[in-house]
Amino acid sequence: MAPLEPWEKVLVDAGKFLPTDHGQIACMECHNGVQASEKEAAHVGLIASPSSEPEKYCGGECHSEQVATYPFALHSTQQGYWTALEARGGSHPALDEMFGNHCATCHTTCGECHVSQPKNVGGGLFTGHVFETTPPMTRSCTACHGSRVGNEFLGKNEGIPGDVHFREARMNCVKCHEGEDMHGTATDAMTAEVNRFAGTESPKCVDCHEEAAPNGDNNPMHQVHGDTLSCQVCHSVTYTSCDGCHVAVSETSGNPFFETDATYQTFLIGRNPIQSEERPYAFVPVRHTPVTADAYEYYGENLLPNFNAAPTWVYSTPHNIQKNTAQNISCETCHNGDASIFLTADKVRPEEMEANLSVIVESLPPMLTLEQTLNAPTTPASHLEHASNSCTACHTKGIRNAPVSPEDHVIYKDRNCSGCHKLQK
Amino acid sequence: MKLKPIGLLIAGACLIAACATVKVESPTGTEPPLATEAVLASTPEADKCLACHTDKQRLIDTAKPVELAEAESKGVG
C-alpha cells in the first residue's frame, strides 16, 4: 500500500460524498471545529476521529446494533493481547505501560475500517470521505493484518501461492469474516471474547463446504479426519513464523519500537492446545509467536513470570488454503512419512520446551491403510455416556470385557482413538 | 368580453392554490427530517470546512510539512 500525501488523506470528494447519507450531515456535526477560513482557527476543537466515541456519533437511530456490541469486540478491546499477557505475566503496571506504547495502536475505530485507513498505517480517507459498507481489503484489513494473513492470502510470500479463495474466486476478507465477526456479538465485558479462537468457530469452512463436514461426502480423507484434524492441516501450505520480539522506547526519538530476531516460513502440525467442543481437532497447524521470556525487559525485570503457562507455538489458521497440498497427496505423507511437517520436540527451543508440552507431537502417526482405517470397529453409541474420556483406561487391560487394543496401538494413547473408531450412529 | 381576463386570472389563481397544497411524500416515510442548517451547510459554497477540504490546491498549500522519521523498528511486525 503506497503512502498517501498529506493532502490526499483529507481531500473530500464532494461529487461522491455529498449525495450519500453521511454527506447530508454538516461537517461540524461530527468533527466539531469552527467555521473559519484560516486552517488553525477552523481546527480549534476539531475532532479528527468522531467514531472514537461510537455511542455519541455512530449510534442513535442509525447503527445502534453495532454500537451496542463493538466496544466489547476484539478490534476494540484487543482482549486477545491481554489474554496472552495476563496468562504469562498476570497484572502489572509495567505491562500496562508497555501495552499503551506498543499494542494499543492496533485499537480500531468504526471509521478506521469504514471511511479511512487505520491510523496505525498512516491514515487517509478511502474514497473522498465516502463511508464504505465493505472495508476495502488492502487499505483496511490487510493494511493491519499484512505480514502474516495478508501476505499469505494474497500470495506475496515468494514461491508460495495465494489462498485459492482469492486466486480463483477473488473473494475478499468479508466474504468469510462477516459483520458480526468484526462488530462482535457480546453486549457486556463478561461475555466478550477473550481471543479470536474463543467460542464458536466462526467463520467455519464447512459452513460453505458442507460436503467436507464429517460424513458429508465420499472423500475418505474427510470421513476419517473430518473431526480430528482442522481443515488447515490438510489444506494450507507454508506460512510465516517469527522469533524473539523485543520492545523498547527509543532514546533518540522517544518513539516506541520493536525488533524481531527472525522471520521464516514454516508448516508444522502440532497438537491442538485449545481443544474444545467447538474446536475438537486433535491436530492443527501451529505458528511460532515471537514472544520470549524477556520480550518486555525494557519495562522491568521478570514481567512474564509464568512464561510457560502458554505455548509459543500456537493454534493457527493460515490463510493460504489450497485444494491440493504436499501433505494431502497421500496417507503416507503423515502416516509413517514426513517427520519434518510435525512439531516434534527437536524443533522446539530448550527454553520453550515446557511452554509447548501441550503442542509437541510425541510420536508420528503410524502407517495405516485406508481400508484399515475405514474398517476399524466403531465405538458403541453407549460410550457417549461414559464419564471417563480415557479409552485406554479400559481397553489396555480389557477391564469390563472391553476389547484389548493391539500392541501397535500404544502409539495413539488417548488423544485420537475417535479418528478411526467412529461413534456408532 | 371584459370578463375574459378576469376569468383567466381566477383560473390561474386556482391552479397556483392547487399546486401549493400538493403534499410531497418522503421516499422513506420514517426518515427524520434533516436539520435546516445541516442541509445548508453541506455544500462547499456554504460550508468553510468543505470549501477547503474539496480544494486540492488549498490542502497542498496548507499541509504541514511531513517530517520523515527514521524507522527504528526492525523486522516483521
Contact list, first residue from region A:317-334 and outside any loop (DSSP other than H, G, I, E, B), second anywhere and among the acidic types (Asp, Glu), beta-carbon distance below 6 Å, six or more apart or interchain, is A:ILE321/A:ASP163
Here is a check on your reading of the model: is A:ALA14 facing chain B (nearest Cβ under 7 Å) and in contact with a Ser or Thr (Cβ under 6 Å, 6 or more places away or on another chain)?
yes
Within region B:22-77, considering only helices (runs of 4 or more DSSP H) that don't extend past its boundaries, which have at least 2 residues that are at pLDDT below 95 and facing chain A (nearest Cβ under 7 Å)?
B:36-41
Qualifying position, being touching a residue at least 12 places away in the same chain (Cβ under 8 Å) and more than 25 Å from A:PHE257 (Cβ to Cβ), among A:VAL121, A:VAL67:
A:VAL67
Taking the stated definitions as given, is A:ALA376 assigned to a loop (DSSP other than H, G, I, E, B) and of a type in the set (A, V, I, L, M, F, W, C)?
yes
Among the residues in region A:245-254, are any among the small types (Gly, Ala, Ser), surrounded by 20 or more Cβ atoms within 10 Å (Cβ to Cβ) and farther than 27 Å from A:GLU351 by Cα?
no
I'm checking my understanding of the structure. Among residues of region A:70-82 that are over 14 Å from A:CYS144 (Cβ atoms) and surrounded by fewer than 19 Cβ atoms within 10 Å (Cβ to Cβ), which one is nearest to the other protein chains (Cβ to nearest Cβ)?
A:TRP82
Test set (1) polar (S, T, N, Q); (2) more than 24 Å from A:GLY337 (Cα to Cα); (3) under 20 Å from the mean Cα position of the chain (by Cα); (4) within 14 Å of chain B (Cβ to nearest Cβ) - A:SER250 fails condition number:
(3)
Considering each of A:GLU40, A:GLU55, A:GLU65, A:GLU112 in turn, give the residue that is within 14 Å of chain B (Cβ to nearest Cβ) and acidic (Asp, Glu).
A:GLU40
Residue match in region A:51-72 (condition: touching a Lys or Arg at 6+ places or on another chain (Cβ under 9 Å) and assigned by TED's automatic domain parsing to the domain that holds A:HIS177):
no
Those residues that are free of Cβ contacts under 8 Å to residues at least 40 places away in the same chain and not acidic (Asp, Glu), I need them from region A:86-111; list them, please.
A:SER91, A:PRO93, A:PHE99, A:GLY100, A:CYS103, A:ALA104, A:THR105, A:CYS106, A:HIS107, A:THR108
Would you mind finding the one in A:ALA345, A:ALA295, A:ALA309 that is without any contact (Cβ under 8 Å) to a residue 40 or more places away in the chain, among the hydrophobic types (A, V, I, L, M, F, W, C) and assigned by TED's automatic domain parsing to the domain that holds A:PRO280?
A:ALA345
Kindly list, by first and then second residue, each pair from a residue in region A:131-147 that is within 13 Å of chain B (Cβ to nearest Cβ) to a residue that is surrounded by fewer than 19 Cβ atoms within 10 Å (Cβ to Cβ), limited to pairs with Cβ atoms under 6 Å and residues at least 6 apart or on different chains.
A:ALA143/A:MET1; A:ALA143/A:VAL121; A:SER147/B:VAL76
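The values are calculated or read from the model by the stated rules, or taken from the named source; none is laboratory data. Here the structure is a predicted model, which is why all the values come from computation and not from measurement. Note that we place each Cβ from the backbone using ideal geometry, even for glycine, and neighbour counts take in every protein chain shown.
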